[in-house]
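Notes follow once the structure below has been shown.
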Amino acid sequence: MSKSPTLRYERSLKSSGHRLVAGCDEVGRGSLAGPVSVGMVVVDVTAVRALKGVRDSKLLTVADREALVPRIRRWAVSYGVGHAGPQEIDDVGLMVALRRAGNRAWAALQLHARPDAVVLDGNHDWLSAKDQAALFESLADPDGVAGGMTDADDGGFRGDVGAVGDLSDAADVGDVLPGAECTAPVYTKIKADMQCLSVAAASVLAKVERDAHMAELATAYPQYGWEMNKGYATPAHRKALNEYGPAMVHRRSWNLMAPQVEETSDEMAVEL
């Protein structure tokens, strides 16, 4: 069993003058349908204490994740979840869509606190490095991303913002609020979701919010089983795609009709 995440890394940034540190993580990157979602959780490294029970969202049960949400919200200085929908992913590519979702979460944070720094899971700064997106596009999305759908086909997520913990009905909040783009230093860290408590907390908020949206979509598109697979490429989802074709909220530019592959325990553990 892996060790629980701590605040050790976040606190190490205090020596660089950073007091308010935001942990950041994304969910839904590898999904065939629905949005990509980015969570951010801000902690005050001079005052915050550890929060028991928080782990990377992929290692928690559904019930555990949902029970942690109100505790994380009370624990954090500020928090937010931003989204980019399937049409947006098709229109601009996965890396740009990730950055937009991240900056929408960043904009939501400004309602309560502006972080001095961001700890981002992974080894690539997709949150602020605008000129590098094309270099990493094919690596992040082996199915390929290009082209698009119409505005009406985006599943309610074009410009949608998680305004401090909740999905907002306001459009493009992340584009109009002051400080909408992340300008704070971004520290990338591989496996930060496993090691850094703020990042693990951010992953929980993002996953719970995105999973709830996929469950809602499943009522309109029951044939794809999104209440179970959350849009990921499970054999059952691939089979439904081959039988019914893609829905409006699938990422139409991806290789959706690829041959079915045997489901692995790794895919189930990491994606679902």
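The values are calculated or read from the model by the stated rules, or taken from the named source; none is laboratory data. This structure is a prediction, so every number in the text was calculated from the model and none was measured. As a convention, Cβ positions derive from the backbone with ideal geometry for all residues, glycine included, and neighbour counts pool all protein chains shown.
Here are some notes:
- Close pairs (7 angstrom Cβ cut-off, 6 or more residues apart or separate chains): within 19 Å of GLY82 (Cβ to Cβ) in the range 179-195, acidic (Asp, Glu) and part of a loop (DSSP other than H, G, I, E, B) anywhere: ALA184/ASP116; VAL186/ASP125; THR188/ASP125; ASP193/ASP56
- Taken over the range 41-65, residues that are in a helix (DSSP H, G or I) and more than 16 Å from the chain's Cα centre (by Cα) amount to 3.
- Looking only at the range 15-28, and only at residues there that are touching an Asp or Glu at 6+ places or on another chain (Cβ under 8 Å) and under 18 Å from SER128 (Cβ atoms), the one that is surrounded by the most Cβ atoms within 10 Å (Cβ to Cβ): CYS24
- Test result for VAL96, buried (at least 24 other Cβ atoms within 10 Å of the Cβ) and within 25 Å of ILE190 (Cβ to Cβ): no
- The helices (runs of 4 or more DSSP H) found wholly in the range 73-192 and carrying at least 2 residues that are modelled with pLDDT of 95 or more occupy 86-92, 94-109.
- Number of the exception - MET214 against (1) touching a Leu at 6+ places or on another chain (Cβ under 9 Å); (2) over 30 Å from ASP44 (Cα atoms): (1)
- First in the range 1-23 and among the polar types (S, T, N, Q), second anywhere and assigned to a helix (DSSP H, G or I), Cβ under 7 Å, 6 or more apart: SER2/MET194; THR6/LEU197
- Candidates SER12, SER31: the one that is out of contact with any Asp or Glu (no Cβ under 6 Å at 6 or more places or on another chain), under 22 Å from PRO115 (Cα atoms) and modelled with pLDDT of 95 or more is SER12.
- The numbered conditions (1) among the hydroxyl-bearing types (Ser, Thr, Tyr); (2) more than 12 Å from LYS207 (Cα to Cα); (3) surrounded by fewer than 24 Cβ atoms within 10 Å (Cβ to Cβ) are all true for THR61 except (2).
- Within the range 216-240, the only residue that satisfies the criterion of being within 26 Å of LEU109 (Cβ to Cβ) and surrounded by fewer than 19 Cβ atoms within 10 Å (Cβ to Cβ) is GLU216.
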